[in-house]
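The values are calculated or read from the model by the stated rules, or taken from the named source; none is laboratory data. Everything numeric here is computed off the predicted structure, so don't read it as measured data. Positions of Cβ are backbone-derived with ideal geometry, glycine not excepted, and every protein chain shown enters the neighbour counts.
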Amino acid sequence: MRLGPDTPLPLSVRQPHYDRSVQAAGIVHIGIGAFHRAHQAVYTDDAMGAGDRDWGIIGVSLRSGDVAAQLNPQQGLYTVSTRSAAETELRLIGAVQKVLAAPENPQAVINAIAAPTTHIVSFTVTEKGYLRRPDGSLDLAAATGRSSLYRFVAAGLAARKAAGVGGLTLLSCDNLAANGAVLGGLMREYLAAALPDLVDWFDRECRSPATMIDRIVPATTDGDRTAVEAILAARDDGAVVTEGFSQWVIEDDFAGPRPRWEAVGAELVADVAPYETAKLRMLNGAHSALAYIGLERGHEFVHRVIADPVVRPVIETLMRDEAAPTITAAPGQDLSAYADALLARFGNPALHHRLLQIAMDGSQKIPQRWLETLAWHQARGQHCPSLEAAVAAWIAFLRSDHPIDDPLADQLREAAAGPDAIEKLFGVGGLIASEWRPELAT
Ligand code: CS2
């Protein structure tokens, strides 16, 4: 039996405390992967459980129909399994109403964005989904392509303007530095090229707040789905598995209404930057280092590498001595306690977070995770032994037999092959050129 609204569930499985059938969709979410389902959709489910109305989510997949095939037969319902060493808790999420596969039904995506009930379009399209050139500007050729978020949002905005419906909040939930400003700026670049009449309206009517999003969500495996089926006595093809921890810090700058996410654990703040920088440089920076160093040492999972007595001190140094000093903490933000908490989270033995999942898209992740920290120290005449070891491990990874899943895979492999790999990767005109001048650092 497939999970659905009529599936009798065990009492231990928490269920939505609101009438799903009467909620309008207030959010269109582009890039509805496991992360969104374990994070923003849970906060939104909680907000509706606390009495907010009409914040149903219409999910969009830009490339494949897989998530639509998983969730639509279940009327958008799926479970989140929260796993720790001690226990697994299951919960049914009702916030997602349906999923649109953009390649199959592009007009439905535009209509959803244009609907007067929609107030927020949010995004988890991963770093590469923003289609930036190495200098940070929009890759216009890619942005006019079939699976570009910009095309759909621009068409939806044009329809809103034509119909006299107000603007939208564009909410980036990806691990980019200044994700809100980046998304807003790129969207504006796209409009200036494709629909210049919309630019002034966009500036006036739309907002793109910054967010810091945090929850570790490994890709769901067949084994996970089987374990969930054993508890539910029903098949949940949309199941996601995550940790207990969850954090969401959001810049309070919306174009219109929003769910009361702050009533259910999110933090609405004036400035997200200190949280975002700490998260990118400490959590994600450590993650990428764990991935490449761990793979080189023959590990498969995060919880195993962090228990490796050779690697753990490297990661502690990376977080405490290299990343933390570069961050101007917000009042009450304790970076040392943050490092302690991250070590505990990385050690969660129930998660089975694959290093290869984190290792993908290194060219898109490394700049904000490592290079800004390296440049900060270099400007002060200091070395970063742990991050430099991580850079060496990334190059070793690019030279290894591991599959390289990265939009620049071929160029990276070629650049890494020779003796001048550092220069070709990070030097002036390199593939991920940065302010960090590696020739001075080595
Ligand atoms: C990870 C992140 O895959 C990766 O690159 O570093 O997905 C990480 O698990 C999340 O950002 C945690 O919030």
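Look at the range 173-192: where a residue is farther than 18 Å from residue 370 by Cβ and assigned by TED's automatic domain parsing to the domain that holds residue 38 and a partner is more than 16 Å from the ligand (Cβ to nearest atom) and of a type in the set (S, T, N, Q), sitting 6+ places away or on another chain with Cβ atoms under 6 Å, you get 180/208; 183/208; 184/208. For the range 329-353, a residue qualifies if it is within 12 Å of the ligand (Cβ to nearest atom) and either surrounded by fewer than 18 Cβ atoms within 10 Å (Cβ to Cβ) or of a type outside the set (D, E, K, R) (or both), and the qualifying residues are 342, 346, 348, 351, 353.
Look at (1) more than 22 Å from residue 176 (Cβ to Cβ); (2) assigned to a loop (DSSP other than H, G, I, E, B); (3) free of Cβ contacts under 8 Å to residues at least 24 places away in the same chain; (4) of a type outside the set (A, V, I, L, M, F, W, C) and you find that residue 430 fails only one, number (1). Evaluating residue 326 against the criteria (1) within 13 Å of the ligand (Cβ to nearest atom); (2) of a type in the set (S, T, N, Q); (3) in contact with a Ser or Thr (Cβ under 8 Å, 6 or more places away or on another chain) leaves one unmet condition, (1). Assuming residue 426 fulfils every condition listed in (1) more than 16 Å from residue 377 (Cβ to Cβ); (2) touching a Pro at 6+ places or on another chain (Cβ under 8 Å) apart from one, which condition is it? With respect to (1) more than 16 Å from residue 377 (Cβ to Cβ); (2) touching a Pro at 6+ places or on another chain (Cβ under 8 Å), residue 426 is out only on (1). Of all residues in the range 227-242, those being out of contact with any strand residue (DSSP E or B) (no Cβ under 7 Å at 6 or more places or on another chain) and charged (D, E, K, R) number 1. The numbered conditions (1) within 16 Å of the ligand (Cβ to nearest atom); (2) surrounded by fewer than 16 Cβ atoms within 10 Å (Cβ to Cβ); (3) of a type outside the set (Phe, Trp, Tyr) are all true for residue 371 except (2). A residue that is in contact (Cβ under 8 Å) with a residue 60 or more places away in the chain and under 22 Å from residue 215 (Cα atoms) occurs somewhere in the range 370-387.
Residue 159 falls short of the stated requirement of being under 17 Å from residue 120 (Cβ atoms), out of contact with any Phe, Trp or Tyr (no Cβ under 6 Å at 6 or more places or on another chain) and within 16 Å of the ligand (Cβ to nearest atom).
The condition (being over 24 Å from residue 352 (Cα atoms) and either in contact (Cβ under 8 Å) with a residue 60 or more places away in the chain or not assigned by TED's automatic domain parsing to the domain that holds residue 150 (or both)) is satisfied by just one residue among 50, 38: 50.
Residues that are within 26 Å of the chain's Cα centre (by Cα) and surrounded by 18 or more Cβ atoms within 10 Å (Cβ to Cβ) within the range 412-429 comprise 412, 425, 426, listed in sequence order. Just one of the numbered conditions (1) more than 13 Å from the ligand (Cβ to nearest atom); (2) closer than 30 Å to residue 384 by Cβ; (3) of a type in the set (A, V, I, L, M) is not true of residue 278: (1). Once the range 217-237 is narrowed to residues that are buried (at least 20 other Cβ atoms within 10 Å of the Cβ) and within 15 Å of the ligand (Cβ to nearest atom), the residue that is farthest from the chain's Cα centre (by Cα) is 220.
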